[in-house]
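Below is one structure, written out as structure tokens; comments come after it.
The values are calculated or read from the model by the stated rules, or taken from the named source; none is laboratory data. Because the structure is predicted, anything quoted here is derived from the model rather than measured. Cβ placement follows ideal geometry from the backbone for every residue including glycine, while neighbour counts extend to all protein chains displayed. To get the accessible areas, we keep the full protein, side chains included, count just its heavy atoms, and leave off ligands, DNA and RNA. Shrake-Rupley method; radii C 1.70, N 1.55, O 1.52, S 1.80 Å.
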Amino acid sequence: MTINPFKWLKRLLIRSTLIQHPIPRGIWHSLMHQARIFKGLNSVEKAHLRELSVLFLQNKNFIGAQQLQVTEEMKVAVAAQACLPILKLGLDYYDGWHDIILYPATFKVKRRVTDAIGLVSEQEQLLGGEAWSTGPVIVSWEQVKANLVEPKRGHNVVIHEFAHKLDMLNGVANGLPPLHSGMIRKEWTEAFNSAFSHLQFQTEHGLRPDIDPYAATSAAEFFAVCSEYFFRAPNQLFKKFPEVYQALSLFYRQNPLRRLTE
Ligand SMILES: [Zn+2]
């Protein structure tokens, strides 16, 4: 048997990082106990999530905006939720950028908006999170905290922003992340296009939307919001958009619906 020295060295580095920078037991257990999003993970999955979170924390740089003091608990809460979507994909999916900026609460951004007749204006928007291509992920700690304990049905700002990051792995965010070999692009686009059109029809005609109507604003937002539901309310996503659920299950290589029924 030949040993690849690079792989061997990488494994050695990972092992030493895991040993040297463990997540304190109390912080991890309190998060697992408190946050509903992790309920249903079995002990093997939780152990793997913890290891991924350690590596994530060593790879990423946390910055507190507006004098926010970023504590170990905050970092672990963000890391563990960010690592849930890549539990079966690997940390390489978050390569190419480093910073995570935490704001104490929602934050204002200025956006150039073009209206229907082509007039460009600058508008101020209040955001709970934002993800830049090859740049930082920005989230409001107030929202992260609220999502952990009392989530609005299906809502999770960390999953949302990190889903945008995955979407942007192959260019601009457009609701089509890089699919794995064996996944059929036509099946993905048909599932997403049909569900997206259905939701747009509901919002345009004042009908009760099947999921958060924010998903109807663009294909990229639809993918990010559906990813939130996939992990936080898989039963609702499966009931409303079963083909989208199946496509996400193939992409994330997870089946959170089964976790609810086990
Ligand atoms: Zn978004």
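Cut-off under 24 Å on the C-alpha distance; same-chain residues fewer than 8 positions from K110 excluded. Which lysines are left, in chain and number order?
Those lysines meeting the cut-off are K165.
Working from Cα positions, state the angle (0 to 90°, nearest 10) between the long axis of helix 185-204 and the longest principal axis of the chain.
Value to nearest ten degrees: 50.
Nearest 10 degrees, 0 to 90: what angle lies between the long axis of helix 242-252 and the longest principal axis of the chain (Cα atoms)?
30 degrees
Looking at the square roots a ≥ b ≥ c of the eigenvalues of the Cα gyration tensor of the stretch 133-262, which shape do they give, rounded for a/c under 1.5, prolate if a/b is larger than b/c, or oblate?
Rounded, because the longest to shortest axis ratio a/c is under 1.5.
With a 1.4 Å probe and all protein chains kept in place, how much accessible area does D99 have, in Å² rounded to the nearest 10?
Around 50 Å² of this residue is reachable by solvent.
Please list, by residue number, every one of the trypsin sites (Lys or Arg not before Pro) in the stretch 189-262 that is coil in DSSP and has at most 13 other beta-carbon atoms within 10 Å.
Sparse-neighbourhood loop trypsin sites (Lys or Arg not before Pro): R253.
Would you mind putting 175-187, 159-171 in packing order, based on average other-beta-carbon counts within 10 Å, highest first?
Per-residue Cβ counts within 10 Å, averaged per peptide and sorted highest first, yield 159-171, 175-187.
As an exercise, identify the chymotrypsin sites (Phe, Trp or Tyr not before Pro) in the stretch 1-100 lying in DSSP coil whose Cβ has no more than 16 other Cβ atoms within 10 Å.
Of the chymotrypsin sites (Phe, Trp or Tyr not before Pro), not one in the loops of the stretch 1-100 has a Cβ with at most 16 other Cβ atoms within 10 Å.
For a quick check of your reading of the filter: which trypsin sites (Lys or Arg not before Pro) in the stretch 14-78 sit in a DSSP loop and have no more than 13 other Cβ atoms within 10 Å?
Listed in order of number, the matching sites are K39.
Once both axes come from the Cα atoms, what is the angle between helix 219-232 and the longest principal axis of the chain, in degrees from 0 to 90, rounded to 10?
50 degrees
Any idea what % of Cα-Cα pairs in the chain are farther than 23 Å?
54 percent
Taking Cα centroids, how far is the stretch 55-97 from the stretch 169-195 in Å?
That distance is 25 Å.
With the cut-off at 24 Å, report for the stretch 31-160 the share of all Cα pairs above it, as a whole percent.
Pairs farther apart than 24 Å: 33 percent.
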